[in-house]
Amino acid sequence: REPRLVVARAAQIDPGFVAVFVRDISEQERVQQMRQDFIQNTSHELKTPVGAISLLAEALEMAADDPDQVRRFSGRVSAEADRLGQLTGRIMNLSRLQATGEVIDVSTIAVDEVVIRAVEAHQITAAGAEVELVTGGERGHHVRGDARVLVEALSNLVSNAVAYSPAGSRVGIGVRVEDGIVEIAVTDQGIGITEDDQKRIFERFYRADQARSRHTGGTGLGLSIVKHAIQRHGGEVRLWSREGHGSTFTICLPAVDTEESASGKRHAKR
Ligand code: ADP
């Protein structure tokens, strides 16, 4: 008799509600799965440099009499420490950007400055990966915002573009203004992103399979940081990509009219 009662009750439930409910559960499961993946990936990422540092410390102790060895090992200790710092920095950035009521240190910022600082940060990595960084486009534009956060956001996009590009390819960083919106586009000729992945890569912890198998040491946090940062500035991030051909991530922010950008416009028209 019990089952019949259940059927009778179920029949009264709006099917739309059931559908939403089912979707909610699978959404929860998906988020739960992503969290688990993240914890697993992060612990793995953290364990690797920590393990290396403790091994290197032992090696240093044993090689104390050999200055060459000491130099070599201590160089590696600081490289591993840098990796640790980067990872914890990213995690902290994310929680800072997502915390409500975060105070942003706002001023009028030269876009050229943001581009220079973000590109500078990757010059060495790009050279190592044999990827050429090229900047171009319009100059003299301004936006309102937190310079440090904007540099961090653009820097994340450049870092990804380099990481997911083959040797010998180019990463372009270009600026233009369209209908009062400053567009800072980062274009690569890398592996590209499938249409399915394009819908999800801005989610926290999400990494495309292809990227994971490339062992780039990523966490899947970068793009969600970028998205939050830009949204907090009243802007948005657009993505265009074709698998196997490359991607363009564009940061769009409201342009601010200043004397300099106005004269830049006059200059451009001439
Ligand atoms: P991470 O790079 O640490 O994995 P991100 O949040 O920055 O995390 O990126 C999420 C995923 O988006 C990456 O794992 C990768 O699959 C994909 N992705 C991001 N940028 C690019 C790019 N320029 N080209 C191809 N895939 C990219």
- Note on the structure: Taking first residues from the range 238-255 that are over 16 Å from residue 227 (Cβ atoms) and second residues anywhere that are part of a strand (DSSP E or B) and more than 10 Å from the ligand (Cβ to nearest atom), the pairs with Cβ under 6 Å that are 6 or more apart or on different chains are 255/177; 255/182
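One line per residue, one yes/no per condition, for (1) more than 16 Å from the ligand (Cβ to nearest atom); (2) part of a helix (DSSP H, G or I); (3) within 30 Å of residue 258 (Cα to Cα):
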{"site": "109", "(1), (2), (3)": "yes, no, yes"}
{"site": "136", "(1), (2), (3)": "yes, no, yes"}
{"site": "158", "(1), (2), (3)": "no, yes, yes"}
{"site": "199", "(1), (2), (3)": "no, yes, no"}
- Task: Tell me which residues, restricted to the range 40-58, are open to solvent by less than 50 Å² (accessible area, probe 1.4 Å), among the aliphatic types (A, V, I, L, M) and closer than 12 Å to residue 82 by Cα.
- Result: 53
- Note on the structure: Filtering the range 168-202 for residues that are open to solvent by 20 Å² or more (accessible area, probe 1.4 Å), more than 14 Å from residue 245 (Cα to Cα) and among the hydrophobic types (A, V, I, L, M, F, W, C) leaves a count of 4
- Item | Residue tally, condition without any contact (Cβ under 8 Å) to a residue 40 or more places away in the chain and not basic (Lys, Arg), over the range 102-134 | 14
- For residue 250, all conditions in the list (1) within 11 Å of the ligand (Cβ to nearest atom); (2) within 13 Å of the chain's Cα centre (by Cα); (3) at pLDDT 85 or above; (4) not in a loop (DSSP other than H, G, I, E, B) hold save one; what is the number of the exception? (1)
- Task: Evaluate the range 67-74: report whether one residue or more is of a type in the set (A, V, I, L, M, F, W, C) and at pLDDT 75 or above.
- Result: yes
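Suppose the filter is open to solvent by less than 50 Å² (accessible area, probe 1.4 Å) and modelled with pLDDT of 90 or more; does residue 136 pass it? Full working, then the answer.
Numbers: open to solvent by less than 50 Å² (accessible area, probe 1.4 Å): yes; modelled with pLDDT of 90 or more: yes.
Against the criterion (open to solvent by less than 50 Å² (accessible area, probe 1.4 Å) and modelled with pLDDT of 90 or more), residue 136 qualifies.
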- Query: residue 140 is checked against (1) in a helix (DSSP H, G or I); (2) farther than 20 Å from residue 236 by Cβ and fails just one. What number does that condition carry?
  - Reply: (1)
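The values are calculated or read from the model by the stated rules, or taken from the named source; none is laboratory data. No experiment lies behind these values; they were computed from the predicted model shown. Glycine also receives a Cβ, built like all others from the backbone with ideal geometry; neighbour counts cover every protein chain displayed. The area values use the complete protein model at the heavy-atom level, side chains included, leaving out ligands, DNA and RNA. Shrake-Rupley method; radii C 1.70, N 1.55, O 1.52, S 1.80 Å.
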